[in-house]
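A short write-up of the structure that comes next.
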Amino acid sequence: MSPLLQVSDLHASYGDFRVLHGLDFAVGQGGVTTLLGANGAGKTTTLRALCGMIRHSGRIVFEGADIAGRPTEEIVRLGIAHVPEGRGTFTGLTAEENLLCGAMARSDRGAIAADVERVYGWFPRLKERRRQQAGTLSGGEQQMLAIGRALMLRPKLMLLDEPSFGLAPLIVAELFEILRKVGEEEGVALLIVEQNAALALELADRAYLIETGCMVMSGSAAEIRDDESVRAAYLGY
Amino acid sequence: MELLIQQLVTGIATGGIYACMALAVVMIYQAIHHLNFSQGEMAMFSTFVAWQLLQWGLPYWAVLPLTVAVSFAGGMAIERLVIRPLGQAPILSHIAVFIGLFAVINSLAGFIWDFTIKPFPSPFGEGSQLGGLISNHQIGMIGVTLVVLLFLYLFFRYTRIGLAMRAAAENPASARLVGIRVGRTVALGWGMAAAIGSIAGILIAPLVFLEPNMMLSILLYGFAGAVLGGLSSPAGAVFGGFAIGVIENLAGTYIPVVGDELKLPIALLLIVTVLVFKPTGLFGRPVVQRV
Ligand SMILES: Nc1ncnc2c1ncn2[C@@H]1O[C@H](COP(=O)(O)OP(=O)(O)O)[C@@H](O)[C@H]1O
Ligand SMILES: [Mg+2]
């Protein structure tokens with residue numbers, strides 16, 4: 001089976017500052033892939049390039065079509081939902097309006113109300129806060145909201161940029177458990193970017209490691225976890 | 001006491017003009033998060049278009065929707081041709097362009113229709129109520145403003161495209177990530193603002209006469225109303241517009257030094273005071289954010 005997403009020779013830069021130097025990686029149909037790396041390695045940049053948010057070159061093949069260079073709005077419409085760094089909450093809208101925004105790219109309007117309820121099923125706390133201004137939600141709730149908003153697209157691929165960032169360990173554990181179930185039950189492939197390597201490797205099937213914009217290692221999550229150098233540098237044991 | 005009530009009613013009547021304009025101002029602010037200094041001129045130009053159509057013999061109730069439609073298209077065209085190429089340019093570039101637009105539209109109107117004042121008809125008749133305190137036209141104008149406000153409220157609150165416009169204005173990057181075509185919502189915002197401006201112009205023209213400079217001070221009062229009520233709140237802006245009308249009238253009557261000449265500085269003073277002490281305006285929602 002060909003992968004859902006196949007990226008080859010991906011370069012990206014901010015102005016003249018080159019950040020990615022030819023990445024190759026793939027995300028399978030379903031399952032969890034993780035992209036690991038230290039702060040500043042280029043993880044966020046990689047996700048931004050995939051969504052056409054910054055200048056890039058290379059091939060990004062999604063479901064057999066090269067999507068490199070297409071505008072963000074159109075890439076999203078193909079079924080790629082991006083939970084961005086910092087969550088990208090619409091702070092002035094209510095929680096429920098944030099979820100409804102997630103379905104903006106869909107044409108099957110009749111099914112949207114049911115999907116809002118489905119998201120509330122995953123995150124009951126959001127239902128309690130549905131009428132609340134989203135900016136007043138706690139960090140954990142905003143992260144749930146961002147994931148819920150992404151699910152409203154009914155995506156085939158979900159990109160998550162450091163979903164654990166800034167959250168208490170207990171909340172993170174809860175969130176990752178839900179992510180695992182969501183991936184399985186909704187048939188969504190997940191590409192998770194994390195600094196918290198231990199956490200991500202627990203969830204993932206496949207892992208990639210980037211250092212200063214270059215892919216330095218790839219393999220099954222178990223292989224990466226057992227690698228001596230990864231242990232020393234990223235897992236700390 | 002009687003004088004006070006008289007002044008209140010007159011204030012509300014003039015305030016209707018400002019409320020109308022303030023609503024148009026807030027509308028575009030919602031779409032682009034900039035105050036558009038050329039908004040008054042756009043409204044004035046639309047009013048000339050209406051006047052021209054009337055001159056050609058079209059009936060009033062055909063001219064109104066036609067002008068609104070033409071203005072909507074004109075607003076979209078300005079966005080496309082002048083604003084979009086600016087992209088992410090700094091705020092000063094936007095201000096420069098707004099001032100440029102202001103000058104261009106103003107001279108264009110003068111060039112086409114000259115600078116002599118022209119009477120503009122009212123659909124609400126000539127009479128007045130409350131012993132001449134408030135004209136039928138002013139009552140009609142207030143009514144129309146409130147109807148437009150209600151329409152906008154329903155549009156932004158309950159329609160999908162209204163929600164998309166709010167989301168795109170608040171956070172364009174996030175909006176793109178959920179698939180909202182931000183370029184289109186911004187263009188739509190300009191179109192709607194121009195359309196609402198044209199209604200404001202057509203309602204204001206019978207009171208002040210039509211000429212290329214008719215909107216100069218009115219736009220300032222409109223800004224004052226919008227700032228007072230809160231730039232994020234259409235209803236607040238309308239309230240602010242009425243409040244400015246009342247304040248201006250009361251100050252002119254009861255503070256001897258103000259008189260008629262100093263009314264305009266009062267609007268300016270209000271803008272500054274509100275921006276210093278309550279930047280979100282009376283009804284504007286502060287954006288609360290937790291990280
Ligand atoms: N908007 C930007 N403009 C210029 N340089 C940036 C910008 N964002 C990130 N960078 C640089 O790109 C590199 C990779 O950043 P990023 O992709 O955010 O790393 P990560 O997500 O892995 O922590 C860093 O050196 C960072 O300083
Ligand atoms: Mg990052």
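Worth pointing out:
- Sorting the Cα pairs of chain B by distance into bins of 10 Å, from 0 upward, gives 7, 28, 36, 22, 7, 1, 0 percent per bin.
- Taking chain B and dividing mean pair separation by its residue count, relative contact order in percent (alpha carbons under 8 Å, at least six apart): 37 percent
- Contact order, relative form, for the range A:86-154: 54 percent (alpha carbon pairs under 8 Å, 6 or more residues apart, mean separation divided by residue count).
- Taking the Cα atoms of the protein assembly as shown, the ratio Rg/Rh between the radius of gyration and the Kirkwood radius comes to 1.08.
- Residue-wise HN-Hα coupling along the range B:71-83, computed from phi with Karplus coefficients 6.51, -1.76, 1.60 (Hz; x: Gly, Pro): 5, 4, 5, x, x, 4, 5, 4, 4, 5, 8, 10, 7
- Dividing the summed -39500 (n - 2.57) terms of all DSSP H runs of n ≥ 4 by the residue count of chain A sets its mean residue ellipticity at 222 nm at -10000 deg cm²/dmol.
- Among the residues of A:30-38, the average count of other protein chain beta-carbon atoms within 10 Å of the residue beta-carbon is 0.
- Local electrostatic count, residue A:232, Cβ distance below 14 Å [Lys/Arg +1, Asp/Glu -1]: -2
- Partner lysines for residue B:278 [C-alpha distance under 28 Å; skip if fewer than 8 residues away on the same chain]: B:263
- A protection proxy built from the mean count of other Cβ atoms within 10 Å ranks the segments B:101-108, B:242-249, B:5-12, most packed first, as B:242-249, B:5-12, B:101-108.
- Of the beta bridges in the protein assembly as shown, as assigned by DSSP with both residues counted there, near 60 percent are antiparallel.
- Taking the number of Cβ atoms within 10 Å of each Cβ as an exposure proxy, the fewest-first ranking of A:2, A:13, B:174 is A:2, A:13, B:174.
- For trypsin sites (Lys or Arg not before Pro), the sites in the range A:47-84 that DSSP calls loop and that have at most 16 other Cβ atoms within 10 Å are A:55.
- Where the Cα pairs of the range A:1-92 fall when distances are cut into 5 Å bins, in %: 3, 13, 23, 26, 21, 10, 4, 1, 0
- Whole-Hz couplings from phi, Karplus 6.51/-1.76/1.60, listed for the range B:38-48; x for Gly and Pro: 8, 4, x, 5, 4, 5, 4, 4, 4, 5, 5
- In degrees, nearest ten, helix A:139-151 long axis to first principal axis of chain A (Cα): 90 degrees
- Rg/Rh for the range A:86-154, where both radii come from Cα atoms and Rh is the Kirkwood radius: 0.93
- Proximal lysines to residue A:43, defined as alpha-carbon separation beneath 21 angstrom and excluding residues fewer than eight positions away on the same chain: A:156
- J(HN,Hα) series, the range A:16-33, from Karplus relation 6.51 cos²θ - 1.76 cosθ + 1.60, nearest Hz, glycine and proline x: 8, 8, 7, 10, 10, 10, x, 8, 10, 6, 9, 10, x, 5, x, x, 10, 10
- Less than 5 angstrom separates the built amide H of residue A:217 from those of A:209, all sequence-distant by 5 or more or on a different chain.
Each reported figure results from applying straightforward, stated rules to the coordinates on display, with no laboratory input. These figures come from a predicted structure and were not determined experimentally. When we count neighbours, we look across all protein chains shown, and the Cβ atoms used for this are built from the backbone with ideal geometry, even at glycine.
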